[in-house]
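Engineer: One structure follows; several queries about it will come next.
The values are calculated or read from the model by the stated rules, or taken from the named source; none is laboratory data. Small disclaimer: the values here were computed from a predicted structure and weren't measured. Using ideal geometry, Cβ is built from the backbone for each residue, glycine included, and neighbour counts are taken over all protein chains shown. When the accessible area is computed, the model is the full protein with side chains, heavy atoms only, and any ligands, DNA or RNA have been set aside. Shrake-Rupley method; radii C 1.70, N 1.55, O 1.52, S 1.80 Å.
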Amino acid sequence: MAAQGLLWSSAKKCFTADDYVLVEKFCLDKYKFSRGDVVVFRSPSNYKEKNVKRIAALAGDWIHLPSLDTVRIPEGHCWVVGDNAACSVDSRSLGPIPLGLICGRITHVVWPPQRLGRVDGKNNILAEVQVDMLEEHRD
């Protein structure tokens, strides 16, 4: 998938506009995602728009953010955050994202050749979001 077809502004720490990425869709079979996965999803407010964000929390987790009340992620949803929090439209403004809107997980950058490689599933942005996990979801 070409970067030009996605909204990257909050993912610039991980990707550039010239990157081509591999979007794995096998995860959609049973919605198998992990905290830290970088996913492509359709915007809840504009179905034609696709966004790239990192999963910070899964169903049953509690999110604690200074600007919000504590939120429990409902079944069938996840909490996504952008790697560039200063300009990210993510779950802090959209709320929990339904798993049904996820189009796939980005696993590799395949172009340009000098950036070829696996996408890191962990990022420091996750440290900025306090998540309490249920025992059955712990990674």
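Engineer: Would you please name the residue that is surrounded by the most Cβ atoms within 10 Å (Cβ to Cβ), looking only at residues in the stretch 61-94 that are among the hydroxyl-bearing types (Ser, Thr, Tyr) and more than 14 Å from VAL39 (Cα to Cα)?
Structural biologist: SER88
Engineer: Being free of Cβ contacts under 8 Å to residues at least 60 places away in the same chain and part of a strand (DSSP E or B) is the filter; apply it to the stretch 95-105 and report the residue that is least open to solvent (accessible area, probe 1.4 Å).
Structural biologist: Filtering the stretch 95-105 for residues that are free of Cβ contacts under 8 Å to residues at least 60 places away in the same chain and part of a strand (DSSP E or B), the one least open to solvent (accessible area, probe 1.4 Å) comes out as ILE97.
Here's the yes/no breakdown for (1) under 15 Å from the mean Cα position of the chain (by Cα); (2) modelled with pLDDT under 85; (3) part of a loop (DSSP other than H, G, I, E, B):
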site: VAL23; (1), (2), (3): yes, no, no
site: SER34; (1), (2), (3): yes, no, yes
site: VAL52; (1), (2), (3): yes, no, no
site: PRO66; (1), (2), (3): no, yes, yes
site: PRO74; (1), (2), (3): no, no, yes
site: TRP79; (1), (2), (3): yes, no, no
site: ALA86; (1), (2), (3): no, yes, no
site: THR107; (1), (2), (3): yes, no, no
site: GLN114; (1), (2), (3): no, no, no
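Conditions (1) under 20 Å from VAL110 (Cβ atoms); (2) touching a strand residue (DSSP E or B) at 6+ places or on another chain (Cβ under 6 Å); (3) modelled with pLDDT under 90, marked per residue:
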| residue | (1), (2), (3) |
| --- | --- |
| ASP19 | yes, yes, yes |
| VAL39 | yes, yes, no |
| ILE55 | no, yes, no |
| GLY60 | no, no, no |
| GLY95 | no, no, no |
